[in-house]
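A quick write-up on the structure given underneath.
The values are calculated or read from the model by the stated rules, or taken from the named source; none is laboratory data. Remember, predicted model here, so these are calculated numbers, not experimental data. All Cβ positions, even for glycine, are placed from backbone atoms using ideal geometry, and neighbour counts span all protein chains on display.
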Amino acid sequence: MLKHFGNEENGILSYMELTDMKFIPRRMYYISKVPKGAIRGGHGHYEDQQYIFCIKGQIKVHLFSKHGEETVVLNPGECVYVDRMVWGQQQYVTGEDIMLVFNSTKHDDNDKFSDKAEVFK
């Protein structure tokens with residue numbers, strides 16, 4: 001999804017066309033300064049869709065859906081799409097990690113579920 005131009009000598013520009021996304025972003029946030037090895041997330045969303053980007057470090061994204069389980073290791077400049085009704089958690093590998101997230105909806109505490117069994121309802 002991200003395209004990259006440049007090289008290590010002069011720098012790398014990474015971008016994506018927002019029109020390539022499966023939704024128009026309504027919110028974004030980033031998470032940083034998470035201790036090495038820590039796990040965050042542990043929930044899913046009924047309606048919200050997300051693109052999770054690794055900006056710095058390395059982030060293991062574990063996803064659980066009615067179609068099965070998947071672990072994606074994101075390095076800087078990589079992203080993964082997370083559909084609605086997918087439970088996920090992220091492990092911050094290096095201690096210097098930065099995760100950026102684009103969301104399809106505004107924040108809503110009622111849109112979140114913690115129990116993996118919800119993905120089958």
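Looking across 45, 107, 67, one residue alone is of a type outside the set (Phe, Trp, Tyr), more than 28 Å from residue 4 (Cα to Cα) and in contact with a helix residue (DSSP H, G or I) (Cβ under 8 Å, 6 or more places away or on another chain). It is 45. Filtered by the rule that a residue be out of contact with any Cys (no Cβ under 7 Å at 6 or more places or on another chain) and closer than 28 Å to residue 16 by Cβ, the range 98-112 gives 98, 100, 101, 102, 103, 104, 105, 106, 107, 108, 111, 112. Residue pairs whose Cβ atoms lie under 6 Å apart, sitting 6 or more positions apart in sequence or on different chains, and linking a residue in the range 102-121 that is β-branched (Val, Ile, Thr) to a partner that is surrounded by 14 or more Cβ atoms within 10 Å (Cβ to Cβ), are 105/48; 119/65; 119/85; 119/87. Taking the range 104-121 as the range and being in contact with a Gly (Cβ under 8 Å, 6 or more places away or on another chain) and either assigned to a loop (DSSP other than H, G, I, E, B) or among the hydrophobic types (A, V, I, L, M, F, W, C) (or both) as the test, the residues that pass are 113, 114, 119.
Report, by residue number, each residue of the range 79-102 that is over 25 Å from residue 66 (Cα atoms) and among the charged types (D, E, K, R). Once the filter is applied, which keeps residues that are over 25 Å from residue 66 (Cα atoms) and among the charged types (D, E, K, R), the range 79-102 yields 96, 97. For the range 55-71, a residue qualifies if it is within 23 Å of residue 13 (Cβ to Cβ) and of a type in the set (Val, Ile, Thr), and the qualifying residues are 55, 59. The single condition among (1) surrounded by fewer than 17 Cβ atoms within 10 Å (Cβ to Cβ); (2) at pLDDT 95 or above that residue 121 does not meet is (2). Listed by position, the strands (runs of 3 or more DSSP E) enclosed by the range 1-103 that each have at least 1 residues that are charged (D, E, K, R) and in contact with an Asp or Glu (Cβ under 9 Å, 6 or more places away or on another chain) are 3-7, 27-32, 50-56.
Against the test of being under 14 Å from residue 76 (Cα atoms), at pLDDT below 95 and surrounded by 13 or more Cβ atoms within 10 Å (Cβ to Cβ), the options 32, 14 yield a single qualifying residue, 14.
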